[in-house]
Structure formats: C-alpha cells, structure tokens
Amino acid sequence: MMRLIKIIIYLIILIGTIFIGLAYLGPTFGFDLSADPTLVEIPFKLDID
C-alpha cells in the first residue's frame, strides 16, 4: 500500500514539474498558456435618492 502511495506522490510531483516547465518554456516552443485580456463592463445603476 505504501508503494502505491509513493508512486502516486511521485507522479503528482512529476506532473506539476512538467506543467510549471511548460508555463515558463511554452512561448519558446510556440504556445502560450496565458489568458487573453478582455474588457468586461458591467452596467449598474446607483439609486441615490
């Protein structure tokens, strides 16, 4: 059972490392993980009577 838990922990660490590496090196290889900036306008009405 401990062996299975160790393998799962190692896989989580490996996947996290790969994801962080892709986030930093992605633009070098031609893909970008950043979100596109968009303008969001929310209309609201102030009732100051």
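For the chain, the set of trypsin sites (Lys or Arg not before Pro) satisfying both a DSSP loop assignment and a count of at most 10 other C-beta atoms within 10 Å is given as 45. Helix 2-29 axis versus longest C-alpha principal axis of the chain: approximately 50°, rounded to the nearest ten. Per-residue ellipticity at 222 nm, computed for the chain from helices alone with -39500 (n - 2.57) per DSSP H run of at least four residues, works out to -20500 deg cm²/dmol. Is the C-alpha gyration tensor of the chain telling us rounded, prolate or oblate? Criteria: a/c under 1.5 is rounded; beyond that, a/b larger than b/c is prolate, otherwise oblate. Oblate, because a/c is 1.5 or more while a/b does not exceed b/c.
Bear in mind these aren't lab numbers, they're just calculated from the coordinates by the rules spelled out. Computed from a prediction, not measured in an experiment: that's the story for all the values here. Positions of Cβ are generated from backbone atoms using ideal geometry, with glycine treated the same way; all protein chains shown enter the neighbour counts.
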